[in-house]
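Novice: Quick one: structure below, then a few questions.
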């Protein structure tokens, strides 16, 4: 068991996910219909993307509490740029580019403070999250500014019969695979595992940590663009729960918070598990006073299960 | 024989028309679990659903209530759609973000009613109070109590929250009509009682000659604690709130206060309106108003020193977190329909 699980802690997450899928399908007869699956994937996708990005930061032994605020800032930037340019298809493209650009900038800011100035990652990204959220409120003080219909219809629709959300998920999987095969990924794990040793072997630790923060912010920006497709408008308070949910997903997926161990595929599964827990609780018909409590207990049980199985 | 019986039954059901299909499933979504007000809101809605049994209508409710952000609450709505409910009543976390998902719900023939916070969607209606009117009522009370002159500070909720925004517009409009009332500062304390207390302490220290405080909801209890510990109970008038423990304090300390009531019964009111609509009734042409033209505004009660005793009597035996409430009853809701 231990040898099989060595470095494959995500197998436990996968098992948990399959159990939840089974339970959900039993409670909700139409769960496996394509339209229902697509609607569930649309709900889970933003957290999946943010959790993938968060993994790279955690692998390097850092943490990124600002992802939720990045989501809000990217969202208000995108909708404001689209509105300012008139709302035709070119302005949509400009808005998407501006959103990704803002994401990269946020990642660089985080990386600069943490890796160059050597500030504590938790406090630094907590502080930058307040700055990013404040900027979002400055850009768009009130929820509003609808995006052109082509944007959200495109997101809810598909290309060549494949739903857009499935394409986004596929693109995320390809990115995980490509990044995972690059020397960057091995070096990043080295930085998280034994930072001093990594530095002494000549790895440019600072640059790797900055790259991880940029990746995290870019994935948050992509999540934000998906959310914008889903909500069709700007909201400066968007994404507030994403930071801690994404860290839960990362840990559920078998990545150690100390860094060095794990990978983004596990986080993807972890995010799906978190989403499915919410679903199962709904379809189990629990009284509302207990829903939050039971959700917390199941997440705790899932975390504990992973730890106990891995220890053996 | 059995077939004939069944046929007779069917004919009877057809004759009684509206009474034929009298079982509805309504999904209730609440996206924030931070106060007892929300719990009371859901419990009153559940009780209102049961009360329809007296009219021969079975209303089943399914509740989703958890701390979620916008996409989490969109997930609530998706689950309701996938489950096939007849109507969705939602206390929404965003005014605009639900436009696409509400459009999907409507396309499946589901009635969507938002309550407590207005939504821009053309595919939904709003049943609740006018947040701007809520603020104007207590602002007018404050201006009147101060005889139209003096220095005041305001303490608001969460910047960027739509209800907060409408309330700010409301009191600003009122105080503009009283040129001798000067707003010294407008602070945010995030609808948090402790923050409301701290903010008030800071404001009282900064502006020792302040005469009045306009403060929202639950933060009022915190603000009043700060006023009392500064020993200014008799020198300052401030708006109050509607929880029983505050009403007790209000009466015991002889405070001069006034509180607009945002009744937790709003969701029950929305439910009563929704069931009438599900029974096939049509809305009167002139019931909708509001910024988005889809709102049915319900009355806003007001608690002041004049009617404090009555309200305390109504709250007798309730726990401290119980809020003064009001509901649009089944019969009152019928008045919105043709």
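Novice: Would you mind stating whether residue A:296 is touching a strand residue (DSSP E or B) at 6+ places or on another chain (Cβ under 9 Å), closer than 30 Å to residue A:221 by Cβ and within 14 Å of chain B (Cβ to nearest Cβ)?
Specialist: No; evaluated as a whole, the condition is false for this residue.
Novice: Going by the conditions given, is residue B:60 more than 7 Å from chain A (Cβ to nearest Cβ) and part of a loop (DSSP other than H, G, I, E, B)?
Specialist: No: the conditions fail for residue B:60.
Novice: Taking residue A:291 as meeting all but one of (1) more than 24 Å from residue A:64 (Cβ to Cβ); (2) buried (at least 20 other Cβ atoms within 10 Å of the Cβ); (3) away from chain B (no Cβ under 13 Å), write down the number of the exception.
Specialist: Every listed condition holds for residue A:291 apart from (3).
Novice: Oh, and also: Counting only residues that are part of a helix (DSSP H, G or I) and surrounded by fewer than 24 Cβ atoms within 10 Å (Cβ to Cβ), how many does segment A:61-82 have?
Specialist: Residues in segment A:61-82 being part of a helix (DSSP H, G or I) and surrounded by fewer than 24 Cβ atoms within 10 Å (Cβ to Cβ): 2 in total.
Novice: For segment A:39-66, what are the residues that are more than 10 Å from chain B (Cβ to nearest Cβ) and in contact with a strand residue (DSSP E or B) (Cβ under 9 Å, 6 or more places away or on another chain)?
Specialist: Result: A:41, single match.
Novice: Look through segment A:239-267, keep the residues that are within 14 Å of another protein chain (Cβ to nearest Cβ) and in a helix (DSSP H, G or I), and return whichever of them is farthest from residue A:19 (Cα to Cα).
Specialist: Ranking the qualifying residues of segment A:239-267, first place goes to A:243.
For every residue, the table says whether it meets (1) part of a helix (DSSP H, G or I); (2) touching a residue at least 60 places away in the same chain (Cβ under 8 Å); (3) surrounded by fewer than 20 Cβ atoms within 10 Å (Cβ to Cβ).
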position: B:249; (1), (2), (3): yes, no, yes
position: B:258; (1), (2), (3): no, yes, no
position: B:264; (1), (2), (3): no, yes, no
position: B:273; (1), (2), (3): yes, yes, no
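Novice: All but one of (1) surrounded by fewer than 24 Cβ atoms within 10 Å (Cβ to Cβ); (2) in contact with a helix residue (DSSP H, G or I) (Cβ under 7 Å, 6 or more places away or on another chain); (3) free of Cβ contacts under 8 Å to residues at least 60 places away in the same chain hold for residue B:44; which doesn't?
Specialist: Looking at each condition in turn, residue B:44 falls short on (3).
Novice: In segment B:148-165, how many residues are assigned to a helix (DSSP H, G or I) and free of Cβ contacts under 8 Å to residues at least 40 places away in the same chain?
Specialist: Residues meeting the conditions: 1.
Novice: Quick test for you: out of B:105, B:87, pick the one residue that is free of Cβ contacts under 8 Å to residues at least 60 places away in the same chain, buried (at least 21 other Cβ atoms within 10 Å of the Cβ) and under 24 Å from residue A:34 (Cα atoms).
Specialist: Unique residue meeting the criteria: B:105.
Novice: All but one of (1) touching a helix residue (DSSP H, G or I) at 6+ places or on another chain (Cβ under 9 Å); (2) more than 7 Å from chain A (Cβ to nearest Cβ); (3) part of a helix (DSSP H, G or I) hold for residue B:113; which doesn't?
Specialist: (3)
Novice: Restricting to segment A:154-170, and then to whatever is in contact with a helix residue (DSSP H, G or I) (Cβ under 9 Å, 6 or more places away or on another chain) and assigned to a helix (DSSP H, G or I), can you tell me which residue is nearest to the other protein chains (Cβ to nearest Cβ)?
Specialist: A:156
For (1) over 25 Å from residue A:295 (Cβ atoms); (2) at pLDDT below 95; (3) in a helix (DSSP H, G or I), each residue gets a yes or a no:
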position	(1), (2), (3)
B:41	no, no, yes
B:49	no, no, yes
B:52	yes, no, yes
B:64	no, yes, no
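Novice: Within segment A:268-288, how many residues are more than 7 Å from chain B (Cβ to nearest Cβ) and either within 10 Å of residue A:24 (Cβ to Cβ) or in a helix (DSSP H, G or I) (or both)?
Specialist: 14
Novice: Quick one: count up the residues across segment B:121-145 that are more than 17 Å from the chain's Cα centre (by Cα), crowded, with 19+ Cβ neighbours inside 10 Å and part of a loop (DSSP other than H, G, I, E, B).
Specialist: 2
Novice: Also, I was wondering about something else. Do the conditions hold for residue A:134, that is, is it surrounded by fewer than 20 Cβ atoms within 10 Å (Cβ to Cβ), within 14 Å of chain B (Cβ to nearest Cβ) and farther than 22 Å from residue A:105 by Cα?
Specialist: So residue A:134 does not fit the description; no.
Condition check ((1) at pLDDT below 95; (2) over 21 Å from residue B:144 (Cβ atoms); (3) not in a loop (DSSP other than H, G, I, E, B); (4) not assigned by TED's automatic domain parsing to the domain that holds residue B:150) across all residues:
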{"site": "B:182", "(1), (2), (3), (4)": "no, no, yes, no"}
{"site": "B:185", "(1), (2), (3), (4)": "no, yes, yes, no"}
{"site": "B:194", "(1), (2), (3), (4)": "yes, yes, yes, no"}
{"site": "B:198", "(1), (2), (3), (4)": "no, yes, yes, no"}
{"site": "B:202", "(1), (2), (3), (4)": "no, yes, yes, no"}
{"site": "B:209", "(1), (2), (3), (4)": "yes, no, no, no"}
{"site": "B:213", "(1), (2), (3), (4)": "no, no, yes, no"}
{"site": "B:221", "(1), (2), (3), (4)": "yes, yes, yes, no"}
{"site": "B:231", "(1), (2), (3), (4)": "yes, yes, no, no"}
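Conditions (1) modelled with pLDDT of 95 or more; (2) at the interface with chain A (Cβ under 9 Å from one of its Cβ atoms); (3) closer than 19 Å to residue B:295 by Cβ, marked per residue:
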{"residue": "B:27", "(1), (2), (3)": "yes, no, no"}
{"residue": "B:68", "(1), (2), (3)": "no, yes, no"}
{"residue": "B:76", "(1), (2), (3)": "no, yes, no"}
{"residue": "B:96", "(1), (2), (3)": "no, yes, yes"}
{"residue": "B:100", "(1), (2), (3)": "no, yes, no"}
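Novice: Of the conditions (1) within 14 Å of chain B (Cβ to nearest Cβ); (2) crowded, with 18+ Cβ neighbours inside 10 Å; (3) at pLDDT 95 or above, residue A:151 satisfies every one except a single condition; which number is it?
Specialist: All conditions pass for residue A:151, except number (3).
Novice: Sticking with this structure for a sec: Here is a check on your reading of the model: is residue B:280 in contact (Cβ under 8 Å) with a residue 24 or more places away in the chain, on the phi > 0 side of the Ramachandran plot and in contact with a strand residue (DSSP E or B) (Cβ under 8 Å, 6 or more places away or on another chain)?
Specialist: no
Novice: Right, something else. Let me confirm something: among A:147, A:92, which residue is under 17 Å from residue A:225 (Cα atoms), outside any helix (DSSP H, G or I) and over 18 Å from the mean Cα position of the chain (by Cα)?
Specialist: Sole residue among the options that is under 17 Å from residue A:225 (Cα atoms), outside any helix (DSSP H, G or I) and over 18 Å from the mean Cα position of the chain (by Cα): A:147.
Novice: Now for a separate question. Regarding segment A:88-99, can at least one residue be identified that is under 14 Å from residue A:246 (Cα atoms) and either touching a strand residue (DSSP E or B) at 6+ places or on another chain (Cβ under 6 Å) or crowded, with 18+ Cβ neighbours inside 10 Å (or both)?
Specialist: No: zero hits.
The values are calculated or read from the model by the stated rules, or taken from the named source; none is laboratory data. Just so it is clear, the model here is predicted, and its values are computed rather than measured. Please note: Cβ atoms are built from the backbone with ideal geometry, for glycine as well, and neighbour counts cover all protein chains shown.
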